[in-house]
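Here the structure comes first, spelled out in structure tokens, and everything after it is commentary.
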Amino acid sequence: MPEPQLLPSAPPEGYTAPAYKLDVPLHAVLMGSQPGQRSLPPIPPPGAPLQSLPEPVFPQRPELLGEDNPRDPDWSLPAHQRRHWTPHQIVHTLQGWLVPYMKSRVKPGDFHPLIAYLFTEWKCNLDCNYCWAFDNRVKGMNEDVARRSIDWLFDHDCRVLALMGGEPLLRPDFAHKVIYYAAKRGMWVYLPTNGRLMREDVIDKLADAGLATLNLAVDAVDIKPGLPKALAPIRNYFDYLVKRQYRYGYSVFFNVNICRNNLDDVRQLTEIARDNGIATDYHVCETPLTEQSHFRHLNDNPTYIRPEDWPLVDEVLDWLIEKQKGGYRMLNSTSRLAQMKTFMRSGMNEPWNCRAGQNSLIIRTDGSLAPCFPMYSATYDWGHIEKQKFETAQLNQMKESCQQHCFSTLNHILGYCYDDGRVIRTFFRQALRGFQGIEGNLE
Ligand code: SF4
Ligand code: SF4
């Protein structure tokens, strides 16, 4: 067990972070107009019904409910043992990622979404002090927008859908419907959650509906100042979630934000993940890219990393790199972990082929579009579902600036992988291992 860190749990008084990181001229362009100037999907004409999502059948696979069967080895996995993926799961993954990638390379035009973030909520039941990504005054997505979004994405060959928030499980029945419908359309569905509402019956329903991956966001073992997203309050749910993944076929990983006041927790969560045979993914705590008028924690934020914290954060990153070299499963590559040191000091120094607005996008609760999560609050009009207005020239010009300040993990991975040579090499490395996963990660 590592030695406890000596960082203070409360920040020095009077520390105020910048309201936004983006360059001033670009910020003015993206945030200049009123939110009402974004175009929204038309509601059906008077008299026409709003579309709805089908009522999920549950259970679709009743044989998977109930107690563990100790005679069936597929229903549990001893710690540190490699997981076995079935042919059906392998085909599903290839259809989710590889086939849309290949189509995007041969079809005309620049808009070929491979992954879409569907913000079903912009409300949250917690208040992580670094997080501006919720506003409890905003109504959640309705079924009409959710269904039309999924249908529109499907028609554009997109087969990976991530529910987003806020907290997507605030309305577990709604999340169930969305996952059920998207999975029925053959999509590979991903759910991030803080886990507080992830009851056992909710896990069974979402898994039965066809959930592919669950990203459990936890920043601490026990609740800390400014970091309510902890494992202790959800430990029973976590144990159930981990156990049931082998039965249903979904995967689980921890998502941990490295902050100034959780460095010891980062290590402990990494070990807990290892002991439970799941992977981890890390972010480094950031201030907002664009101004967030609803955000309340710019002042005296206990989570923000300050220059005096850099040496201790470096130590944690070096420790994670060593653990990954020792076989711990992590979504970030070792070079990406090392890059966090540079990013927290001075941002990104080189362009990194961001594909947002071309191969990834977000759909806000009202059906309007933006290229990426950091641009959720931008008022710039990129169109709406069924009528996107992404323009490559505008995106490229914008990214000349915003790439320097952005550490979007998904878009970095997408930018790195959007390369025919890498895709072919990864495919053959996977094939050589029978599509049972490759050692290390994509780099
Ligand atoms: S749980 Fe997630 S959405 Fe909610 S405040 Fe924390 S980081 Fe933000
Ligand atoms: S670099 Fe890409 S992901 Fe990051 S803010 Fe700009 S467009 Fe969005």
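The values are calculated or read from the model by the stated rules, or taken from the named source; none is laboratory data. Since we're looking at a predicted model, the values are computed, not measured. Note: ideal-geometry Cβ built from the backbone for every residue, glycine included; neighbour counts use all protein chains shown.
Across the range 19-44, what is the total count of residues that are within 28 Å of D309 (Cα to Cα) and either surrounded by 11 or more Cβ atoms within 10 Å (Cβ to Cβ) or modelled with pLDDT under 85 (or both)?
So the count comes out to 5.
In the range 227-247, what count of residues is obtained for those that are in contact (Cβ under 8 Å) with a residue 40 or more places away in the chain and more than 21 Å from L170 (Cβ to Cβ)?
The qualifying residues number 4.
So the check is Cβ under 8 Å with 6+ separation or different chains; which pairs have a first residue in the range 115-133 that's modelled with pLDDT of 95 or more and a second one that's part of a strand (DSSP E or B) and small (G, A, S)?
A116/A162; A116/S360; Y117/A162; Y117/S360; L118/A162
Any residue at all in the range 376-392 that's modelled with pLDDT of 85 or more and farther than 18 Å from S39 by Cα?
Taking every residue of the range 376-392 in turn, at least one turns out to be modelled with pLDDT of 85 or more and farther than 18 Å from S39 by Cα.
So in the range 354-407, with the set limited to residues that are within 16 Å of ligand 1 (Cβ to nearest atom) and β-branched (V, I, T), which one is farthest from the chain's Cα centre (by Cα)?
By that ranking, first place goes to T365.
Within the range 79-97, does at least one residue satisfy the condition of being surrounded by 11 or more Cβ atoms within 10 Å (Cβ to Cβ) and either in contact with a helix residue (DSSP H, G or I) (Cβ under 6 Å, 6 or more places away or on another chain) or at pLDDT 85 or above (or both)?
The answer is no, given that none of the residues of the range 79-97 is surrounded by 11 or more Cβ atoms within 10 Å (Cβ to Cβ) and either in contact with a helix residue (DSSP H, G or I) (Cβ under 6 Å, 6 or more places away or on another chain) or at pLDDT 85 or above (or both).
Which of the residues spanning the range 408-421 are within 16 Å of ligand 1 (Cβ to nearest atom) and buried (at least 20 other Cβ atoms within 10 Å of the Cβ)?
Once the filter is applied, which keeps residues that are within 16 Å of ligand 1 (Cβ to nearest atom) and buried (at least 20 other Cβ atoms within 10 Å of the Cβ), the range 408-421 yields only S408.
Has the range 192-203 got any residue that is assigned to a strand (DSSP E or B), farther than 23 Å from K387 by Cα and within 16 Å of ligand 1 (Cβ to nearest atom)?
yes
On the basis of being within 20 Å of the chain's Cα centre (by Cα), among the small types (G, A, S) and farther than 26 Å from Q60 by Cα, does G165 make the cut?
In short, yes.
Would you please list the contacts, defined by Cβ atoms under 9 Å and residues six or more apart or on different chains, that run from a residue in the range 196-223 that is touching a residue at least 24 places away in the same chain (Cβ under 8 Å) to a residue that is charged (D, E, K, R) and assigned to a loop (DSSP other than H, G, I, E, B)?
Every condition considered, the pairs that remain are R196/E167; R196/K229; L197/E167; D208/R61; A217/K229; V218/K229; D219/K229; A220/K229.
To keep it simple, each residue is scored yes or no on (1) in contact with a strand residue (DSSP E or B) (Cβ under 7 Å, 6 or more places away or on another chain); (2) of a type in the set (A, V, I, L, M).
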{"position": "V252", "(1), (2)": "yes, yes"}
{"position": "N261", "(1), (2)": "yes, no"}
{"position": "D264", "(1), (2)": "no, no"}
{"position": "H294", "(1), (2)": "no, no"}
{"position": "N299", "(1), (2)": "yes, no"}
{"position": "E315", "(1), (2)": "no, no"}
{"position": "K323", "(1), (2)": "no, no"}
{"position": "G326", "(1), (2)": "no, no"}
{"position": "R329", "(1), (2)": "yes, no"}
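List the residue pairs whose Cβ atoms are under 6 Å apart, where the first residue sits in the range 332-356 and is closer than 19 Å to N396 by Cα, the second is charged (D, E, K, R), and the two are 6 or more positions apart or on different chains.
Matching pairs, first to second residue: C354/K399.
In the range 253-263, what residues are buried (at least 20 other Cβ atoms within 10 Å of the Cβ) and of a type outside the set (S, T, N, Q)?
F254, V256, I258, C259, R260, L263
For A370, all conditions in the list (1) surrounded by fewer than 22 Cβ atoms within 10 Å (Cβ to Cβ); (2) at pLDDT 95 or above; (3) closer than 20 Å to G140 by Cα hold save one; what is the number of the exception?
(1)
List pairs: first in the range 45-71 and surrounded by 11 or more Cβ atoms within 10 Å (Cβ to Cβ), second among the β-branched types (V, I, T) and modelled with pLDDT of 75 or more, Cβ under 8 Å, 6+ apart or cross-chain?
L50/I43; L53/V178
Restrict the check to the range 163-176 and report whether at least one residue is part of a helix (DSSP H, G or I), surrounded by 21 or more Cβ atoms within 10 Å (Cβ to Cβ) and in contact (Cβ under 8 Å) with a residue 60 or more places away in the chain.
Yes: the range 163-176 contains one or more residues that are part of a helix (DSSP H, G or I), surrounded by 21 or more Cβ atoms within 10 Å (Cβ to Cβ) and in contact (Cβ under 8 Å) with a residue 60 or more places away in the chain.
Please count how many residues of the range 98-121 are crowded, with 20+ Cβ neighbours inside 10 Å and of a type in the set (A, V, I, L, M, F, W, C).
Within the range 98-121, residues that are crowded, with 20+ Cβ neighbours inside 10 Å and of a type in the set (A, V, I, L, M, F, W, C) number 5.
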